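Colleague: The structure under discussion is supplied below as structure tokens; questions concerning it will follow.
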Amino acid sequence: DSGVTQTPKHLITATGQRVTLRCSPRSGDLSVYWYQQSLDQGLQFLIQYYNGEERAKGNILERFSAQQFPDLHSELNLSSLELGDSALYFCASSPSGTSPSGANVLTFGAGSRLTVL
Amino acid sequence: AQSVTQLDSQVPVFEEAPVELRCNYSSSVSVYLFWYVQYPNQGLQLLLKYLSGSTLVKGINGFEAEFNKSQTSFHLRKPSVHISDTAEYFCAVSRSNDYKLSFGAGTTVTVRA
């Protein structure tokens, strides 16, 4: 157990629907990152939050949004789902908001597997 | 341009044989380098990291990696693999002017008896 908790583990939904993925960071970590892992794109960085504020944005679609709450858990909202959104979505957390480094190592959750039919 | 390149997508290897997974990166600023492992149906687990100092770093489960600045490489090695090393391995780079961790495409290692 890495200490990063993601729910749900599996989710099956239909095109056009909206889903929310939830992440609780490791105790003491202030940053949360979201990554998408798909067969054709590999591991793609979506977005990072640090202590409630958006810190960095990657290849996140406009249909997707995220937020980090005061208790530091984070949610990734995916709307108007398409078949191509089927993927494994990982959340990671780290202690601070600086660049990933020896003191700011990312710890990953087990992922949420989204299947869009 | 690809910032992290893992040169082998699949590496089959026999049990107790050595294995090397190759990773090259591109960066004009200082970097931190990582190897993560993803076992089947699990999340990513940190194997080892290079920050500075000795270019040979040792990680968990008998893995080690060597940083070569002139060749911008960070190859992962294990002298003798086990069946349980069957997994996907990801090389990742963090740049001093960037907040994210950039991953390579991954190398699938399949260990056979």
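The values are calculated or read from the model by the stated rules, or taken from the named source; none is laboratory data. On a predicted model such as this, the values are computed, not experimentally measured, just so you know. Don't worry about glycine lacking a Cβ; one is built from the backbone with ideal geometry, like all the others, and counts go over all protein chains shown. We work out accessible area using only protein heavy atoms, side chains counted, and drop any ligands, DNA or RNA first. Shrake-Rupley method; radii C 1.70, N 1.55, O 1.52, S 1.80 Å.
Colleague: Residue farthest toward the positive end of the dipole of region A:1-76, with Cβ of Lys/Arg at +1 and Asp/Glu at -1: which of A:ASN51, A:ILE12, A:TYR33?
Modeller: Value computed over the given set: A:ILE12.
Colleague: Placing unit charges on C-beta atoms (Lys and Arg positive, Asp and Glu negative, everything else neutral), compute the dipole magnitude of region B:45-85 about its Cα centre in debye, rounded to 20. Display every interim value, and only then the final one.
Modeller: Working: 5 positive and 3 negative charges, 17 e Å.
Computed charge dipole of region B:45-85: roughly 80 debye.
Colleague: Can I ask one more? For the pairing of chain B with chain A, what total accessible surface becomes buried, with a 1.4 angstrom probe, in square angstrom to the nearest 100? Show your work: numbers first, answer last.
Modeller: Details: alone 6320 and 6160 Å², together 10890 Å².
That pair hides around 1600 Å² of surface in total.
Colleague: Sorted from largest down, what three extents in whole angstroms do the Cα atoms of the protein assembly as shown have along their principal axes?
Modeller: 48, 38, 34
Colleague: Moving to a separate point now. Please identify, among A:PHE90, A:PHE69, A:PHE45, the residue showing maximal mean-square fluctuation in a Gaussian network model of chain A using a 10 angstrom Cα cutoff.
Modeller: So, out of A:PHE90, A:PHE69, A:PHE45, the one fluctuating most is A:PHE69.
Colleague: Moving on. Assuming a strict under-17 Å limit between Cα atoms, what lysine pair count do you get for the protein assembly as shown once near-sequence pairs (fewer than 8 apart, same chain) are dropped?
Modeller: So the count of such lysine pairs works out to 6.
Colleague: Would you work out the relative contact order for region B:1-104, in percent, from Cα pairs under 8 angstrom that are 6 or more residues apart? Write out the running numbers ahead of the final one.
Modeller: Numbers: 220 pairs, mean separation 35.9, N = 104.
Taking the mean separation of contacting Cα pairs over the length of region B:1-104, I get 35 percent.
Colleague: Further question: Please identify, among A:LEU11, A:LEU76, A:LEU30, the residue showing maximal mean-square fluctuation in a Gaussian network model of chain A using a 10 angstrom Cα cutoff.
Modeller: Fluctuation is largest for A:LEU11.
Colleague: Just to be sure I understand the interface: list residues from region B:63-101 that lose 20 Å² or more of accessible area between the chain on its own and the complete protein assembly, 1.4 Å probe.
Modeller: Residues meeting the cut-off: B:PHE90, B:SER94, B:TYR99, B:LYS100, B:LEU101.
Colleague: Contact order normalised by length for chain A, with contacts defined as Cα pairs under 8 Å and 6 or more residues apart; what percent is it? Let's see the in-between values first.
Modeller: Values: 302 pairs, mean separation 42.2, N = 117.
About 36 percent, as a whole number.
Colleague: If you don't mind, another one. Cut-off 10 angstrom, C-alpha nodes, Gaussian network model of chain B. Which of B:LEU51, B:LEU33, B:LEU21 fluctuates the most?
Modeller: Among B:LEU51, B:LEU33, B:LEU21, the largest GNM mean-square fluctuation belongs to B:LEU51.
Colleague: Moving to a separate point now. Calculate what fraction, in whole %, of the accessible area of chain B sits on carbon and sulfur atoms when a 1.4 Å probe is rolled over the protein chains.
Modeller: Values: 2710 of 5550 Å².
The nonpolar share, carbon plus sulfur, comes to 49 percent.
Colleague: How large is ³J(HN,Hα), in whole Hz, for each residue of region A:70-86 in order, when computed from phi with the Karplus curve 6.51 cos²θ - 1.76 cosθ + 1.60 and θ = phi - 60°, using x for Gly and Pro?
Modeller: x, 7, 6, 6, 10, 10, 10, 9, 10, 10, 6, 4, 10, 4, x, 7, 4
Colleague: Also: Would you please give the residues with an amide H less than 5 Å from that of B:GLU15, counting only those at least 5 places away or on a separate chain, with H modeled from the backbone geometry?
Modeller: Excluding prolines and chain starts, which carry no amide H, the hits are B:ARG112, B:ALA113.
Colleague: Now for a separate question. Please express the shape of region A:1-109 as an equivalent ellipsoid: the semi-axes are the square roots of 5 times the eigenvalues of the C-alpha gyration tensor, given largest first in whole angstrom. Before the final figure, lay out the partial values.
Modeller: Values: eigenvalues 105, 38, 35 Å².
In descending order the semi-axes read 23, 14, 13 Å.
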